[in-house]
Every structure is written in structure tokens, then in C-alpha cells.
Amino acid sequence: MTLREPEIVELQTPSGPMRTSVLRPASPGRYPGLLFHSEIFQITGPIHRTAAFLAGHGFVVALPEIYHEFLPAGTVLNYDQSGSDIGNRLKVEKPIEAYDADNRAVLDFLKQHEACSGKLGSFGPCIGGHLTYRAALQPDVSAAACFYPTDLHKRSLGLGMNDDSLARAREICGELMLVFGRQDPHVPAEGRSMIYQALTSAGVNFTWHEVNAAHAFLRDEGLRFDSELFHQLLGMTVNFFRRALGNF
């Protein structure tokens, strides 16, 4: 499917306006909505291209700026040490309640969007994988695809570095798809085991995928990018969302 020109909207949240990009098919119709969470670098080229890939398969995709309280609208952090330092600092300065409020604002926006069917899912890599998991705590999120979610096993997202994400696993009503790289130092084997056991004990409906890849293997810039896994796993993601959210 071809896409319309991206729509830029400003959503109101308790912590201030949040710039959000919306991508959707050019063909008229109503499509499932996806809340797409970025990495710590916000809406970079790779993030936008991945969102366009998903939108082009029949979804209304909303991309919020996760650090809207701290950075001017439109800010994109560089994939370098400076950008990493800023992103990692801000992720633990923002209260976990603010992340949740942001999720709610985007989901409510998608539900009322003229092109959205009302069925909702979420997607994200890295910190976005963790935020996608937290979006799944919302009762109207039917499917969430979490790619190498950071800090989930350490319970260290947000101000105070003491999140309750895994502890609230029983609140997840929809289905999860989790993807990890075995060579990812940010989510090592013991961390993956902790996540798996928590979800299993809570009775969460989930699928689990581990591949031989490093952290950020979806990012189509840099030496860690694995184009074969990108093709394979995003195809699986599209199939997952189509099954869980219904055909368009």
C-alpha cells in the first residue's frame, strides 16, 4: 500500500503537548491503530522507515516523541555517544506515570481517528519495547510487539528507577509478541529468563522469539543491522497484528 503524507498532530498530556507523527495508507478505509514507540533517540530515520513499513501493510501508525517534556518539538538525537547519553539520562528523569499518560493520549487519539477501526496495538524496540509492554497494560490494547525491551528485567525505567512493569503482568488482557537478540548485552540470558518466567506465572498470552543478533538489529543504520531478520521478523509482526487486530 502507498501512504498519505505524514500527519503531524500535537496531543495534550498532563506533562505538556506531545508532537506525534501519524502514518496511514492512502487508500480509503478503516484500519487498526498502532502506537509506535521509538528508541531513546526519538523519531530517527530508521524509526520512521520502520513505521512506514508497518503503515504500508494496513495500519494507522502514531509515533509520539517520548521526551516531549524535555526536548524541543522535532528533536532527533544522534546515534552517537552524546545522543545516547542524553537519551539514557532522560529515560530515568521522566516519571513512569508520564509514560503511561502519554500512552493513553495516543491510544485515545487513535480510537477517534477517522481512519482507525478502533482495534489497537502497540510496537516498539529498545526502550520502545518496554513502553510497548506498558501500553499492553491498557485494557483496550489487543496486541503488543516488544522488540528487545530494555530495563524490563531490571525494573529500572523512569524516575526513581523502580518500575512495576513485570509486577503488573496479570493486567495484560491482549497478546504479546516478544523478540530478543541472544547477543544483546542489554537483555542478557538471565534477564530474558526472568521476563519469561514472570509472563508465564501471570498467565499472559504471549509468543517468544530469540534470534542470533545484537541489540538494535532492526535499526537500518550501523553495523548491527540484520536485513534478513528485519525482513523475517517484521513480516511476522504484520501477521501477528493482522491476526490479533482483525483484517482490514
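Take segment 183-199 and flag every residue that is closer than 19 Å to residue 214 by Cβ and crowded, with 17+ Cβ neighbours inside 10 Å.
Passing the criteria: 184, 186, 187, 191, 192, 195.
Conditions: (1) surrounded by 15 or more Cβ atoms within 10 Å (Cβ to Cβ); (2) free of Cβ contacts under 8 Å to residues at least 24 places away in the same chain. Residue 8 meets all but one. Number of the miss?
(1)
Please enumerate the residues belonging to segment 192-224 that are free of Cβ contacts under 8 Å to residues at least 12 places away in the same chain and part of a loop (DSSP other than H, G, I, E, B).
Answer for segment 192-224, where residues must be free of Cβ contacts under 8 Å to residues at least 12 places away in the same chain and part of a loop (DSSP other than H, G, I, E, B): 223, 224.
Let me confirm something: among 202, 167, 244, which residue is surrounded by 17 or more Cβ atoms within 10 Å (Cβ to Cβ) and more than 16 Å from the chain's Cα centre (by Cα)? Don't jump to the end; show me each part of the working.
Numbers: 202 fails: surrounded by 17 or more Cβ atoms within 10 Å (Cβ to Cβ); 167 fails: surrounded by 17 or more Cβ atoms within 10 Å (Cβ to Cβ).
Exactly one of 202, 167, 244 is surrounded by 17 or more Cβ atoms within 10 Å (Cβ to Cβ) and more than 16 Å from the chain's Cα centre (by Cα), namely 244.
Looking at segment 172-191 only, could you name the residues that are under 18 Å from the mean Cα position of the chain (by Cα) and more than 17 Å from residue 124 (Cα to Cα)?
Across segment 172-191, the qualifying residue is only 173.
Go through the residues of segment 171-181 one by one and say whether even a single one is under 24 Å from residue 215 (Cβ atoms), in contact with a Pro (Cβ under 8 Å, 6 or more places away or on another chain) and at pLDDT 95 or above.
Yes, because at least one residue in segment 171-181 is under 24 Å from residue 215 (Cβ atoms), in contact with a Pro (Cβ under 8 Å, 6 or more places away or on another chain) and at pLDDT 95 or above.
Could you name every one of the strands (runs of 3 or more DSSP E) located completely within segment 1-104 that has at least 2 residues being more than 23 Å from residue 120 (Cα to Cα)?
Correct list: empty, since no element meets the threshold.
Any chance segment 75-82 includes a residue that's farther than 23 Å from residue 240 by Cβ, of a type in the set (Ser, Thr, Tyr) and touching a strand residue (DSSP E or B) at 6+ places or on another chain (Cβ under 7 Å)?
For segment 75-82, residues farther than 23 Å from residue 240 by Cβ, of a type in the set (Ser, Thr, Tyr) and touching a strand residue (DSSP E or B) at 6+ places or on another chain (Cβ under 7 Å): present.
Evaluate segment 88-102: report whether one residue or more is within 27 Å of residue 230 (Cα to Cα) and touching a strand residue (DSSP E or B) at 6+ places or on another chain (Cβ under 8 Å).
no
Output the residues belonging to segment 206-241 that are of a type in the set (Ser, Thr, Tyr) and crowded, with 19+ Cβ neighbours inside 10 Å.
Selection gives 237 alone.
Only one of (1) part of a loop (DSSP other than H, G, I, E, B); (2) buried (at least 23 other Cβ atoms within 10 Å of the Cβ); (3) among the charged types (D, E, K, R) fails for residue 134. Which number is that?
Looking at each condition in turn, residue 134 falls short on (1).
When segment 88-144 is examined, which residues are found to be in contact with a Gly (Cβ under 7 Å, 6 or more places away or on another chain) and under 15 Å from residue 14 (Cα atoms)?
Listed by number, the residues that qualify are 94, 95, 96, 99.
The values are calculated or read from the model by the stated rules, or taken from the named source; none is laboratory data. Since the model is a prediction, treat every value here as computed from it, not as a measurement. Glycine gets a Cβ as well: all are built from the backbone with ideal geometry, and neighbour counts include every protein chain shown.
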